[in-house]
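Note sheet for the following structure.
The values are calculated or read from the model by the stated rules, or taken from the named source; none is laboratory data. Because the structure is a prediction, the values reported are computed rather than measured. Neighbour counts are summed over all protein chains in view; Cβ atoms, including those assigned to glycine, are modelled from backbone coordinates with ideal geometry.
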Amino acid sequence: MKLNKFFCALISLVWLAMSFHVAVAAEIKIATGSKSGVYYPVGAAVSQLLKAKGINISAIPTAGSEQNVGMLLQGKADFAIVQSDVLYMMSQAEPDEPYFKYKESVETLRGLAALFPEHTQILVRADSDITGILQLVDKQLYVGKIGSGTHKNATDILSSFGIDKNDYIPYSHDISAKKAVEFLLERKLDAIFDTSGEL
């Protein structure tokens, strides 16, 4: 029941937003996230339901929140799922911060709804000797895909403990959080960060 209400509300909001377009694009695009995460399945489900109503709409897999904002601003997407904290940090960014380039332009964006809560989790193996953030120094870490909310949250958390990118070994290959969990269990990683929610 909760999930049905969620999708009904989201579809209604998308429909309402589309009704204000003077001309509807040939294809409506929703920027989402990794196919193994939560954003893409949500976007894909909404697309499927709206297609049944004759709407030409598709969900686009992306790296996540930062890329999604960029796609909205560049006109490459019509809607996007974005972490609210990422959008807030963009609007408040100082000149020496990476998000500053978005500060003025994000003021042109508008939110339709808060979809679900998300939490940043740090995972290690049950037999790991890591029990605190400071023990992540010199460890092989998965900090999310560049352009994702996870990456921003992970680097901010590490930085707040005085740990910068030179103090740990970031896993450099482009993998999903699901694959990162597999690598953690295979001892290819020491810890992983993941910001995600569930419906």
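Selection of segment 124-145 for residues being touching a helix residue (DSSP H, G or I) at 6+ places or on another chain (Cβ under 8 Å), surrounded by fewer than 17 Cβ atoms within 10 Å (Cβ to Cβ) and in contact (Cβ under 8 Å) with a residue 24 or more places away in the chain yields ARG125, ILE130, ILE133. Give me the residue from segment 154-190 that is assigned to a helix (DSSP H, G or I) and without any contact (Cβ under 8 Å) to a residue 24 or more places away in the chain and, out of that set, surrounded by the most Cβ atoms within 10 Å (Cβ to Cβ). For segment 154-190, the residue satisfying everything is THR155.
When we screen LEU141, LEU115 for residues that are among the hydrophobic types (A, V, I, L, M, F, W, C) and in a strand (DSSP E or B), the only hit is LEU141. Only one of these conditions is not met by ALA114: (1) surrounded by fewer than 16 Cβ atoms within 10 Å (Cβ to Cβ); (2) of a type in the set (Gly, Ala, Ser); (3) at negative phi; (4) at pLDDT 90 or above. Which number is it? Going through the list (1) surrounded by fewer than 16 Cβ atoms within 10 Å (Cβ to Cβ); (2) of a type in the set (Gly, Ala, Ser); (3) at negative phi; (4) at pLDDT 90 or above, ALA114 breaks only (4).
Among the residues of segment 90-106, are any surrounded by 15 or more Cβ atoms within 10 Å (Cβ to Cβ) and closer than 22 Å to LEU189 by Cβ? No, the conditions are met nowhere in segment 90-106. For segment 55-64, a residue qualifies if it is in a loop (DSSP other than H, G, I, E, B) and surrounded by fewer than 21 Cβ atoms within 10 Å (Cβ to Cβ), and the qualifying residues are ILE55, ASN56, PRO61, ALA63. Among the conditions (1) in a strand (DSSP E or B); (2) out of contact with any helix residue (DSSP H, G or I) (no Cβ under 8 Å at 6 or more places or on another chain), the only one that PHE193 does not satisfy is (2). In segment 68-85, the qualifying residues are those that are of a type outside the set (Val, Ile, Thr) and in a helix (DSSP H, G or I), and the one that is surrounded by the most Cβ atoms within 10 Å (Cβ to Cβ) is ASN68. Checking each residue in segment 142-161 for being of a type outside the set (Val, Ile, Thr) and within 18 Å of the chain's Cα centre (by Cα) picks out TYR142, GLY144, LYS145, GLY147, SER148, GLY149, HIS151, LYS152, ASN153, ALA154, ASP156.
Each row is one residue, and each column tells you yes or no for (1) in contact with a Lys or Arg (Cβ under 6 Å, 6 or more places away or on another chain); (2) assigned to a strand (DSSP E or B); (3) at pLDDT 90 or above; (4) not charged (D, E, K, R).
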{"site": "ALA25", "(1), (2), (3), (4)": "no, no, no, yes"}
{"site": "GLU66", "(1), (2), (3), (4)": "no, no, yes, no"}
{"site": "LEU87", "(1), (2), (3), (4)": "no, no, yes, yes"}
{"site": "PRO95", "(1), (2), (3), (4)": "no, no, yes, yes"}
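The single residue among ASP156, ASP174 that is among the acidic types (Asp, Glu) and within 16 Å of HIS119 (Cα to Cα) turns out to be ASP156.
Residue count for segment 37-54 satisfying the condition of being touching a residue at least 40 places away in the same chain (Cβ under 8 Å) and in a loop (DSSP other than H, G, I, E, B): 2.
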